[in-house]
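Bear in mind that the values in this text are calculations on the coordinates, not laboratory data. Treat the numbers as computed from the prediction; the structure is a model and nothing was measured. Cβ placement follows ideal geometry from the backbone for every residue including glycine, while neighbour counts extend to all protein chains displayed.
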């Protein structure tokens, strides 16, 4: 067993880990030794080919096919230097005041989240892209919303030098997206933080992280790890878990922690999402341009869903359509004429929806669609179909209908056609990429796992700084809120460094 | 046959022999693929499966066996001997089956078939999907 010594170990390098690494890097000047241990690889610039399956296997956990325990939903998690910030679209929204107020975490207010979020909006070049660079797939959504009196809003995005490849979710081939792999991690490394890739932390034994470094196989993308393959015991004084809402609870569950944490793994939410597709009579620009320019949150409080524009790749699109055979293939053949909308259900923490580990210590996510989530997906489907038709679509594929192809002439029957009962295991393809909860913040171990700084109750040397901190879903794209909370945790660690690192 | 070894593209019948008709039922155009395209399709599926837990591979083997032999009960012949129309009807029954385990099993198999077919280099081109890293610089009129 190899041994290493650090003062601070950060597990994971996504929105949380990358931010914490950067914000703590100033300590390195005082001789503090900091390591980031990242399970995934660091890709080289020419590794980003835009090929769907190849990139999904290189950048996502289980190639993007991680399933919940009953097989009803696929969870997308980035696994790379930069975590999920390598594969998101860079959409950057500040958490709504009503959400932060609703979390009701003592000591954590909206103003602080807003202030810290704005810091990273500036740091990561968040801005609105020019209208001339918005493609027809997005424009049609905005037009359909306007015709229906809905208030579609443009997403601020964190890109620099975006060419509009449309390939954001496969890792930007032009390195335009300003995720932590482009901004915070390089800054941290310049400050003296060591980032070790292909290094999976298996468990914590007290303050010692037991980890395994995987070799890079010849067929794999990316750089080899800076450490030789093998098992390691990495001693430190502070551990910050930033592996995301699945892996952080799983890591803590399989570790020997000197505290009872009955809420660990509970409170998992994920914004279950549905990809909807419509066909127009002519080709539209869809696979060129930033894929996600607009969102609609008019219905978030009344019906529990948000709509976003999106554009996915052939396999992901095919998987999202219901059924198979000639009608399925015919729709796929219309690809250049397709418009897409993503429906996100704003789910809430529910008993039973949680992260656990199996006998081998691997994460298992238990998640059932509540009646409210099924209803939100159904209402979101109906609203999306209306937007498609208002934008001029000929037909809409409605996966939650017995006959999924709905023609424009049948638009007035949408309420009757959409069947909530079809959101069941093995039914409609539902996926989620906004994984949250499992180590929720709160006052005591009775109602939460950490305090408002992400410090685990009863374990003063152990912090969490990722989306698992969310006590309930954030109802928007989560990364800025993750960065804001990670920034807050890092500030606390800096303030208490004298005691923590003694 | 229920072992923890990964399914491979050269898997012996009936598993390998059953998978191709399933793919060609899910995507009828797959029946027209040449050997090289089938090889690419199956390699993608195999690579995807190799990254999944062994239990997933075991379940897939079992499910393919069920698909091959369940039609004996209704049609008196295995899946591979059914005509395309009956194959489609049989798979539709699995897709709509009241037992979640059957529906989920078919959903997984259908997903693999679509991954193999549309994940091929030609899978995107054939449906007019032609993204380019140069984005607007490539496509702006």
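Starting from one equal scatterer on each C-alpha and no solvent at all, send me the Debye-based log10 I(q)/I(0) for region A:102-169 at q = 0.15, 0.26, 0.28, 0.29 Å⁻¹, two decimals.
-0.73, -1.12, -1.21, -1.25
Quote to one decimal, in nm, the extra length available between residue A:419 and residue A:370 on full extension: 0.36 nm per residue of separation minus the C-alpha distance between them.
So the chain would gain 16.2 nm between residue A:419 and residue A:370.
What's the angle, to the nearest 10 degrees (0 to 90), between helix B:84-95's Cα axis and the longest principal axis of chain B?
Helix B:84-95 and the main axis of chain B meet at about 80 degrees.
When only Cα pairs under 8 Å and 6 or more residues apart are kept, what is the percent relative contact order across region A:111-186?
Relative contact order of region A:111-186: 32 percent.
Based solely on its DSSP helices, what 222 nm [θ] is calculated for chain B when runs of n ≥ 4 H residues each add -39,500 (n - 2.57) and the sum is averaged over all residues, nearest 500 deg cm²/dmol?
-19500 deg cm²/dmol
Using only the Cα atoms, what convex hull volume per residue in Å³ does region A:222-380 have?
Cα convex hull per residue, to the nearest whole number: 224 Å³.
Between residue A:235 and residue A:190, how many nm apart are label points set 7 Å from Cα along the C-beta direction?
It is 3.4 nm.
Mind running the shape call on region A:224-275? Use the C-alpha gyration tensor, a ≥ b ≥ c as the square roots of the eigenvalues: rounded below 1.5 for a/c, prolate if a/b tops b/c, oblate otherwise.
Taking the square roots of the gyration eigenvalues as a ≥ b ≥ c, region A:224-275 is oblate.
If you wrap a convex hull around the Cα atoms of region A:333-459, how much volume per residue is inside, in Å³?
Dividing the Cα hull volume of region A:333-459 by its residue count gives 176 Å³.
Going from the alpha-carbon gyration tensor of region A:279-365, what semi-axes, largest first and in whole Å, does one get by taking the root of 5 times each eigenvalue?
Whole-Å semi-axes of the equivalent ellipsoid: 31, 21, 13.
Can you give me the three principal axis dimensions of the protein assembly as shown from its C-alpha atoms, in Å, biggest first?
75, 59, 48
Using alpha-carbon pairs under 8 Å, 6+ residues apart, how would you state the relative contact order of region A:163-227 in percent?
Relative contact order, region A:163-227: 21 percent.
Taking a ≥ b ≥ c as the square roots of the eigenvalues of the Cα gyration tensor of region A:143-301, is the shape rounded (a/c under 1.5), prolate (a/b larger than b/c) or oblate?
prolate
Spin-label point model (7 Å from Cα, Cβ direction): what's the residue A:403 to residue A:98 distance in nm?
In this crude spin-label approximation the distance works out to 3.8 nm.
Efficiency by 1/(1 + (r/R0)^6): what FRET value for residue B:43 and residue A:148, r their Cβ-Cβ distance, R0 = 41 Å, to the nearest 0.05?
Efficiency, rounded to the nearest 0.05: 0.35.
Ignore the peptide's own chain and count Cβ atoms of other chains within 10 Å of each Cβ in A:139-145; give me the average, rounded.
Going residue by residue through A:139-145 and averaging, the value is 0.
For chain A, what is the calculated [θ] at 222 nm in deg cm²/dmol (nearest 500), taking -39500 (n - 2.57) for each run of four or more DSSP H residues and dividing by its residue count?
Dividing the helical sum by the residues of chain A leaves -7500 deg cm²/dmol.
Which Rg and Dmax, in Å, describe the Cα atoms of region A:1-125?
According to the Cα coordinates of region A:1-125, Rg and Dmax are 17.8, 50 Å.
Calculate, axis by axis, the spread of Cα positions in region A:451-495 along the three principal axes, and write the results as whole Å, longest axis first.
30, 19, 11
Which FRET efficiency value, to the nearest 0.05, is calculated for residue A:110 and residue A:496 with the Förster distance at 41 angstrom and r the Cβ-Cβ distance?
After rounding to 0.05, the efficiency reads 0.95.
Rounded to whole Å and sorted largest first, what semi-axes of the equivalent ellipsoid does the C-alpha gyration tensor of region A:51-160 yield via the square root of 5 times each eigenvalue?
26, 24, 18
Count, for each residue of B:91-104, the Cβ atoms from other chains sitting within 10 Å of its Cβ, then give me the mean as a whole number.
Across the residues of B:91-104, the mean count of other-chain Cβ atoms within 10 Å is 3.
Can you give the translational diffusion coefficient of region A:318-365 in µm²/s, computed by Stokes-Einstein from the Kirkwood radius over Cα pairs at 20 °C and 1.002 mPa s?
For these conditions, the coefficient is 145 µm²/s.
Roughly what angle does helix B:100-119 make with the longest principal axis of chain B, taking Cα atoms, 0 to 90 degrees, to the nearest 10?
With both axes taken from Cα atoms, the answer is about 40 degrees.
Averaged across B:108-118, how many Cβ atoms of other chains sit within 10 Å of each residue's Cβ atom?
Mean number of neighbouring Cβ atoms from other chains: 6.
Counting pairs of alpha carbon atoms under 8 Å apart in space and at least six apart in sequence, what relative contact order in percent does chain A give?
Relative contact order comes out at 23 percent.
Exposure proxy check: A:59, B:44, B:82 ranked by fewest other beta carbons within 10 Å?
In increasing order of surrounding Cβ atoms, one gets B:82, B:44, A:59.
So what is Rg over Rh here for region A:414-488, counting just Cα atoms and using Kirkwood for Rh?
Radius of gyration relative to Kirkwood radius: 1.18.
Percent of Cα-Cα pairs more than 16 Å apart in region A:334-387, please.
60 percent
Considering all projection directions equally, how large on average is the shadow of the alpha-carbon convex hull of region B:48-141, in square nanometres?
Quarter of the Cα hull surface area: 9.0 nm².
For the residues A:197, B:77, what sequence is obtained by ranking on other C-beta atoms within 10 Å, fewest first?
Ranking A:197, B:77 by Cβ neighbours within 10 Å, fewest first, gives B:77, A:197.
In vacuo Debye scattering of region A:93-133, one point per C-alpha: log10 I(q)/I(0) at q = 0.30 Å⁻¹?
-0.99
At 10 °C and a viscosity of 1.306 mPa s, what translational diffusion coefficient does Stokes-Einstein give for region A:122-235, taking Rh as the Kirkwood radius over Cα pairs? Give it in µm²/s as a whole number.
Answer from the Stokes-Einstein relation: 88 µm²/s.
Taking the Cα atoms of region A:71-114, report the difference between the largest and smallest coordinate on each principal axis, in whole Å and largest first.
Extents along the principal axes, in whole Å: 33, 27, 17.
Tell me the label-point distance for the pair residue A:123, residue A:359, using the 7 Å Cα-to-Cβ offset, in nm and rounded to one decimal.
4.5 nm
Round to a whole angstrom and tell me the spacing of the C-alpha centers of region A:66-133 and region B:47-98.
Taking the Cα centre of each part, region A:66-133 and region B:47-98 sit 41 Å apart.
Rg/Rh for region A:223-314: what does it come to with C-alpha atoms and Rh from Kirkwood?
Dividing the radius of gyration by the Kirkwood radius yields 1.15.
Please say if region A:381-455 is rounded, prolate or oblate, where rounded means a/c under 1.5 for a ≥ b ≥ c the square roots of the C-alpha gyration tensor eigenvalues, and otherwise the choice is prolate for a/b larger than b/c and oblate otherwise?
Prolate, since a/c reaches 1.5 and a/b exceeds b/c.
So between residue A:443 and residue A:3, what do we pick up on full extension, going 0.36 nm a residue minus the alpha carbon distance?
Here the segment from residue A:443 to residue A:3 would lengthen by 154.8 nm.
Would you mind ranking B:107, B:38 so that the residue whose beta carbon has the fewest other beta carbons within 10 Å leads the list?
With the fewest neighbours first, B:107, B:38 line up as B:38, B:107.
Sorted by packing (mean other beta-carbon atoms within 10 Å per residue), highest first, where do A:26-32, A:483-489, A:431-437 land?
A:483-489, A:431-437, A:26-32
If a paramagnetic tag sat 7 Å from the Cα of residue B:72 along the Cα-Cβ line, which residues of region B:15-35 would have the backbone N under 18 Å from that point?
B:15-19
Tilt of helix A:479-495 relative to the longest C-alpha principal axis of chain A, in degrees (0 to 90, nearest 10)?
In chain A, helix A:479-495 runs at an angle near 10 degrees to the longest axis.
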